[in-house]
Amino acid sequence: MDQLLNEPADQAARLRIRQQLDHSFICLAGAGAGKTHELVERMVACIRHGTCQVDELAAITFTRKAAGELRARFYQQLQSAQLEAERQHELGLDELPPDNLSPDELQTDEMSTDGDRSEARRLQRAVRHLDRCKIGTIHAFCARLLRQYPARARLPADFHEVEEREELWLARQAWDQFLEARSANGDRRLQAIEDTGLTAEQFYQFFLTRNQYSDLPLKPTTQARPDLEGPTQQLCEFVHQVAQQIPEDLPGEPDRLMETVTRLQHRFAFAAPQTDADRAFLLRTFDSSAATQVTLKRWGPPGSPEQHLARSLRDSLTKALRTQVIQPVLAAWRRYVYSLAAEFVEEATLHYRQLRRRRGMLTFNDLMETTATMLRDDLETRRSLQQRFRIIFVDEFQDTDPLQAQILLYLTGQELTERSWQGQTPRPGSLFLVGDEKQSIYRFRRADVDVFRHVTQRLEAGGGAPIELTSTFRASPRLARWFNDTFEGLFESQDLRFQASFRRLHAQRQDVAGGGVFRLRSDQPKKNRQALVEAEAEKVARFISAAIAGETSLNGEDAVLGPGAEPGDFMILTRTRRWLANYGRALERCGLPYDITGPGSLRTSGELRALVDALDSVLRADDAIALVAVLRGLLFGLGDDELYVLRQAGWRFQLEDPIPTDLDPSIRQRTTRAIDQLLRLRHDLHIRPPAAALERFVDESGLAAVAAAEEGGSARAGNLLRVLSMVRDWQSRRGLGWVEIGNELRDLLEADEFRIEEMTLETGRQDVVRIMNLHQAKGLEAKVVFLVDPTDTSAERHGVDVHVSRLGEQPYLSMAVTSQAGRKPWVMAEPDGWAEDEQLEERYLAAEQLRLVYVAATRAADVLVVGQGPTHSGPWKSLHLGLRDVEDLPIPTDAPRAVVGDAEGRGAVDLAKTRQRRQDGWQQAARSSWEQITVSDAELWPDSRPISQLDSHPDSGPGNASELEWGPDLEHHGREYGRVVHRLFEQCIRGLLPTGKEQTIETLASSLLMEQGVAGEQFVAHAVKAVKDFTNSPLWEQIQASTQVHCEVPYANATVSETGKRIERGVIDLVFGTETGWRLVDYKTQPLRIDADGTPTDESASAMLKRYEHQLSAYVTHWEQVTGQQVSGGLWLTAHACWLPARVDDRKANTR
């Protein structure tokens, strides 16, 4: 186990976090600084010192997984703090305050005792009521607030959230509807857009991006239609003149300018531009440095007039035409197109918003935007929520959505009448943020470093402060020094307006032999990228395999990887996702378990194609082509020669047609098996839920097993299982049928924009090599981290198309509308000032690229391996100087195949035995592990007899029938009647049924009895009399005088004995607070034998108490444990208006 050094260098800052609870802080925590630990420590401190109660806390995380981990850690720390407080002050749980105290009473109670004792009380209550603490993502937090105030947010009460995949489908539907409606109405803007040579459909991506930033207005742009004829004429003259100067006898192939001029000359001569769309196309063709590139030697020998002309064209003439004539008019043209498209897309965006509202559907962005709007405009709601959430904690704040910043400031701001979020000042102690600007890497998901800084400024304005944590508990000293020396200069060389300031890390661990930074070089400079990736993947897999076998120089008793490493010690990171599967296949060839994380496309999934083909064949039973496709596909594998034999035999490739008998037995058998499975699939789809039918088909066809047996099988089979889980979600949440599900699966297969979170058969395991792109690695760490695929330059080729400005006087969204047609995207439309916005955004993105590398590198705890390609380009190029003096990774020449886990008995799988084991497992799982029984049944059968042997008759049970004498009206007071009386009493206690209006009581009683299937006026009369007696009794007066009354409280208690496990369930009819504690009441409608004065006989009353002794005792004991106060219990006999206390004293005195 790694040894830690002395007290952290930033210990003073950590103490401030835990002690200065009346100050708001933003904790700037470096990589591995233990930020989540400090966040939890402060949450516990707030509870311990009474700053707030657990239901007044809210903690917001970046992901659902992080929320679950935070809740678990908070619970553990609360328990530890509670036990420590009890040990120190010798305070038992039975001395803690009751749960039924109001907040004011609780505060008074805690102030009346010593401070140490109060700490234990507060911690104990927090442990009990942790479920009241709001811990989750910002989307879950917003959804909770909106469900509490749907009317104030102008939402239907039954609204629901839509996932990303459903959102894309909904957006496509809204866009198509809008275009159809505009076309049907003869919208002139459609024609105006077509006059520019474009179509409205080409602005669909503009529409999608606009919805992503719907909280911001588009940048205002007004542009009249520019004159393109003049510039086009100048271009025509230039082309004509240059064409005449091109040498007839070229020394070689023409250069790019010659080719462009020749092509344009033909266009002007034979297809002269007639419209502005044609003119814009010609101008755009020439406005390209690549298209006008001049190669001097192609024009003539050195010193020749032709080469002199070429030099003039290269250095001045072509450039002047482009910059002074063509580019200004094209920019004006793009602004004109933008002015047309922006107005049209804005209306489409409004239509889409209205569609979502009508259907009660909210996207994740809607959740935040609607919440922020509600808090801005509804001051009463804002004030109420500020009182409810006294302290808000936020993790990973540097990557949160700017709308989240607005929500946080509204919920903590002191300026209750101020509508602008930018002017809000957080109350002292109300906000605790954790983040690291050096790790802000989600700008493409709307994260904004400017908003991060603005919130910091507002927090400081309210007396808060930033606190820096620079001690790292992750990186070894050797790695920490390398991080500091490498990244400090890189960060400081960039403009601090766009880049975070760098703080050096201080390692808190001791160095281990063999750790540090290594290079992994690519030694094949002439190979293409895929070949380089394959070679690198093979090296990585070889090293990991050898490290697990203990055969590298980094292995050893005292070395960094120990005698033998574990698969979970390794993490492989790439910049983008494209080649992740290649690294997985290399690991698989070495027998290493791995997991690939992140969203990916399924366009190449053979298993998904087979599933879609099977659905098509049963959906279109008369489509011979669909059936041929599935027969010759992955599922059944019939060859073309075999299909030809079937056709020659007269088979029409129809599911219902009989298969010819005069066939080769092998072909007939395989075809029959295939048709039988498809017919069974069709049958299952008609009688079973689609998910169940598809799962059965995948199982019986062996599709998952085949996928797992192929190369990369873990990922292929895992993705198939992932698809089946999506089908279950579509079926249950969206109510899709099998036809719609088939269409959804086809979209996954054919549309590249539809991506899913991929998985392998090892997903969820910790003892696997983790493979992911670096955006997925946020918050993770590993002993050894590989930064691979060094020749990936795809991120550098992506241009800028969006820039946001949120903090100016007029916030805006600036977007360039691009077309993806052709080899290179080109800008169709742009707003005013786009050139300046583009340059500004490029600087933000350049700064983020460095932060991405920092995040990737700092995932490593002991060993960092950086891939280096043939050239110093690619995602890790900024680390080039830091790698000058590091060693190459020592990779064994021949690595053994890793054996992970128990390898005995591996070989061919017996499918029949596997299925039988699975069936046996299902049968075992279907058996009840806990027996559930009612409390009253437990009274009858204390010997833990099975529930199936219990008699439901009220007088059944050992010894009870002879002791308990029922009254003559037993047949009138059955269980159905009892339910009605219980319901009437509950309505009276809750104030929903006026006790003085007999007609109202009679009407409700009659209705309830009919629901229970009980008819007869005598039953109504009995029920009405029971209510009147109850509400005129001394017991009712006690209930009315109580401030704490609870009705119909669920009860459950688990017991384990030699005879098995049992859960007793029941419902406490009524419990209310008294001056001395609590009184618990259980209603009984059975009439007992009575004596001469009309009260139950002593014998029957005693038998009744004995009959329900266990039930009352269980309820009373449970409530005493919950409240910590004394509880008295008893029975209210509705037939006799009699209170029967569990401790028999003067029962006659309690009779009305």
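The values are calculated or read from the model by the stated rules, or taken from the named source; none is laboratory data. None of these values were measured; they are calculated from a predicted model. Here the Cβ positions follow ideal geometry from the backbone for every residue, glycine too, while neighbour counts run over all protein chains shown.
So which residues in the range 659-676 are closer than 19 Å to residue 610 by Cβ and either in contact (Cβ under 8 Å) with a residue 40 or more places away in the chain or small (Gly, Ala, Ser) (or both), if there are any at all?
Of everything in the range 659-676, those that are closer than 19 Å to residue 610 by Cβ and either in contact (Cβ under 8 Å) with a residue 40 or more places away in the chain or small (Gly, Ala, Ser) (or both) turn out to be 671, 674.
Is it the case that residue 412 is hydroxyl-bearing (Ser, Thr, Tyr) and touching a strand residue (DSSP E or B) at 6+ places or on another chain (Cβ under 6 Å)?
Details: hydroxyl-bearing (Ser, Thr, Tyr): yes; touching a strand residue (DSSP E or B) at 6+ places or on another chain (Cβ under 6 Å): yes.
Answer is yes for this residue.
May I ask you to list the residues in the range 792-809 that are polar (S, T, N, Q) and modelled with pLDDT under 90?
Scanning the range 792-809 gives 793, 794.
Quick check: is even one residue across the range 686-700 assigned to a helix (DSSP H, G or I) and farther than 27 Å from residue 713 by Cβ?
Just the residues of the range 686-700 that are assigned to a helix (DSSP H, G or I), to begin with: 686-687, 690-700.
When the remaining residues are screened for being farther than 27 Å from residue 713 by Cβ, the result is 686-687.
Yes, the conditions are met somewhere in the range 686-700.
When the residues of the range 495-545 are narrowed to those that are hydroxyl-bearing (Ser, Thr, Tyr) and in the same structural domain as residue 573 (by TED's automatic domain parsing), which ends up nearest to residue 472 (Cα to Cα)?
Ranking the qualifying residues of the range 495-545, first place goes to 545.
Tell me, yes or no, whether the range 232-251 has at least one residue that is surrounded by 20 or more Cβ atoms within 10 Å (Cβ to Cβ) and under 53 Å from the mean Cα position of the chain (by Cα).
Scanning the range 232-251, I find at least one residue that is surrounded by 20 or more Cβ atoms within 10 Å (Cβ to Cβ) and under 53 Å from the mean Cα position of the chain (by Cα), so the answer is yes.
To keep it simple, each residue is scored yes or no on (1) hydroxyl-bearing (Ser, Thr, Tyr); (2) at pLDDT 90 or above.
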| position | (1), (2) |
| --- | --- |
| 579 | no, no |
| 583 | yes, yes |
| 587 | no, yes |
| 604 | yes, no |
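Please work out which residue is nearest to residue 398 (Cα to Cα), limiting yourself to the range 21-55 and to residues that are part of a loop (DSSP other than H, G, I, E, B) and among the polar types (S, T, N, Q).
24
Residue check: is residue 18 basic (Lys, Arg), touching a residue at least 40 places away in the same chain (Cβ under 8 Å) and not in a loop (DSSP other than H, G, I, E, B)?
No, not satisfied.
Do you know which residues across the range 117-142 are among the hydroxyl-bearing types (Ser, Thr, Tyr) and either in a helix (DSSP H, G or I) or more than 14 Å from the chain's Cα centre (by Cα) (or both)?
Answer for the range 117-142, where residues must be among the hydroxyl-bearing types (Ser, Thr, Tyr) and either in a helix (DSSP H, G or I) or more than 14 Å from the chain's Cα centre (by Cα) (or both): just 118.
Taking the stated definitions as given, is residue 1017 within 43 Å of the chain's Cα centre (by Cα) and either assigned by TED's automatic domain parsing to the domain that holds residue 980 or farther than 16 Å from residue 1122 by Cα (or both)?
Numbers: within 43 Å of the chain's Cα centre (by Cα): no; either assigned by TED's automatic domain parsing to the domain that holds residue 980 or farther than 16 Å from residue 1122 by Cα (or both): yes.
So residue 1017 fails the test.
Would you check if residue 746 is part of a helix (DSSP H, G or I) and surrounded by fewer than 19 Cβ atoms within 10 Å (Cβ to Cβ)?
Numbers: part of a helix (DSSP H, G or I): yes; surrounded by fewer than 19 Cβ atoms within 10 Å (Cβ to Cβ): yes.
In short, yes.
Those residues that are surrounded by fewer than 17 Cβ atoms within 10 Å (Cβ to Cβ) and either among the acidic types (Asp, Glu) or free of Cβ contacts under 8 Å to residues at least 40 places away in the same chain (or both), I need them from the range 841-870; list them, please.
If the condition is that a residue be surrounded by fewer than 17 Cβ atoms within 10 Å (Cβ to Cβ) and either among the acidic types (Asp, Glu) or free of Cβ contacts under 8 Å to residues at least 40 places away in the same chain (or both), then 842 is the only one that fits.
(1) out of contact with any strand residue (DSSP E or B) (no Cβ under 8 Å at 6 or more places or on another chain); (2) part of a loop (DSSP other than H, G, I, E, B); (3) more than 25 Å from residue 365 (Cα to Cα): which one isn't true of residue 474, the others all being true?
(1) is the only condition that residue 474 fails.
Out of the range 998-1014, which residues are surrounded by fewer than 15 Cβ atoms within 10 Å (Cβ to Cβ) and either under 20 Å from residue 1083 (Cβ atoms) or more than 53 Å from the chain's Cα centre (by Cα) (or both)? Write out each step before concluding.
Initial filter on the range 998-1014 (surrounded by fewer than 15 Cβ atoms within 10 Å (Cβ to Cβ)): 998-1000, 1003, 1007, 1010-1011, 1013.
Within the range 998-1014, 998, 999, 1007, 1011 meet the criteria.
Quick one: residue 564 ticks every box in (1) farther than 30 Å from residue 510 by Cα; (2) at pLDDT 90 or above bar one, so which box is it?
(1)
Kindly indicate whether any position in the range 652-664 is in a helix (DSSP H, G or I) and surrounded by fewer than 16 Cβ atoms within 10 Å (Cβ to Cβ).
no
Yes or no, residue by residue, for (1) outside any strand (DSSP E or B); (2) modelled with pLDDT of 90 or more; (3) under 52 Å from the mean Cα position of the chain (by Cα); (4) in the same structural domain as residue 989 (by TED's automatic domain parsing):
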residue: 1024; (1), (2), (3), (4): yes, yes, no, yes
residue: 1029; (1), (2), (3), (4): yes, yes, no, yes
residue: 1047; (1), (2), (3), (4): no, yes, yes, yes
residue: 1056; (1), (2), (3), (4): no, no, yes, yes
residue: 1063; (1), (2), (3), (4): no, no, yes, yes
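Quick one: in the range 158-178, of everything that is assigned to a helix (DSSP H, G or I) and within 17 Å of residue 368 (Cα to Cα), which residue is farthest from the chain's Cα centre (by Cα)?
Among those residues, the one meeting the criterion is 167.
Restricting the range 711-727 to residues that are of a type in the set (D, E, K, R) and surrounded by 16 or more Cβ atoms within 10 Å (Cβ to Cβ), which is nearest to residue 631 (Cα to Cα)? Show your work before the answer.
If we filter the range 711-727 for residues that are of a type in the set (D, E, K, R), which is where we start, we get 711, 716, 722.
With surrounded by 16 or more Cβ atoms within 10 Å (Cβ to Cβ) added as a condition, the list becomes 716, 722.
Working: 716: 21, 722: 24 Å.
Ranking the candidates gives 716 first.
Surrounded by 17 or more Cβ atoms within 10 Å (Cβ to Cβ), touching a residue at least 12 places away in the same chain (Cβ under 8 Å) and either in contact with a His (Cβ under 6 Å, 6 or more places away or on another chain) or of a type outside the set (Gly, Ala, Ser) (or both): is that true of residue 784 in this structure?
yes
Condition check ((1) crowded, with 21+ Cβ neighbours inside 10 Å; (2) β-branched (Val, Ile, Thr); (3) under 25 Å from the mean Cα position of the chain (by Cα); (4) assigned by TED's automatic domain parsing to the domain that holds residue 138) across all residues:
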residue: 324; (1), (2), (3), (4): no, no, no, no
residue: 338; (1), (2), (3), (4): yes, no, no, no
residue: 341; (1), (2), (3), (4): yes, no, no, no
residue: 350; (1), (2), (3), (4): no, no, no, no
residue: 371; (1), (2), (3), (4): yes, yes, yes, yes
residue: 389; (1), (2), (3), (4): no, no, yes, yes
residue: 392; (1), (2), (3), (4): yes, yes, yes, yes
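Within the group 453, 478, 458, 443, which residue is among the basic types (Lys, Arg), more than 20 Å from residue 813 (Cα to Cα) and surrounded by fewer than 21 Cβ atoms within 10 Å (Cβ to Cβ)?
Answer to the selection: 478.
Restricting attention to strands (runs of 3 or more DSSP E) lying wholly within the range 781-860, give those where 3 or more residues are among the aliphatic types (A, V, I, L, M) and at negative phi.
782-787, 826-829
Could you check residue 355 against (1) under 26 Å from residue 464 (Cα atoms); (2) buried (at least 16 other Cβ atoms within 10 Å of the Cβ); (3) not acidic (Asp, Glu) and say which number it fails?
Going through the list (1) under 26 Å from residue 464 (Cα atoms); (2) buried (at least 16 other Cβ atoms within 10 Å of the Cβ); (3) not acidic (Asp, Glu), residue 355 breaks only (1).
Take the range 252-288 and flag every residue that is closer than 16 Å to residue 328 by Cα and either polar (S, T, N, Q) or surrounded by 19 or more Cβ atoms within 10 Å (Cβ to Cβ) (or both).
Scanning the range 252-288 gives 276, 279, 280, 282, 283, 285, 286, 287, 288.
Residues that are in contact with a His (Cβ under 7 Å, 6 or more places away or on another chain) and closer than 23 Å to residue 128 by Cα: does the range 1043-1052 have at least one?
yes
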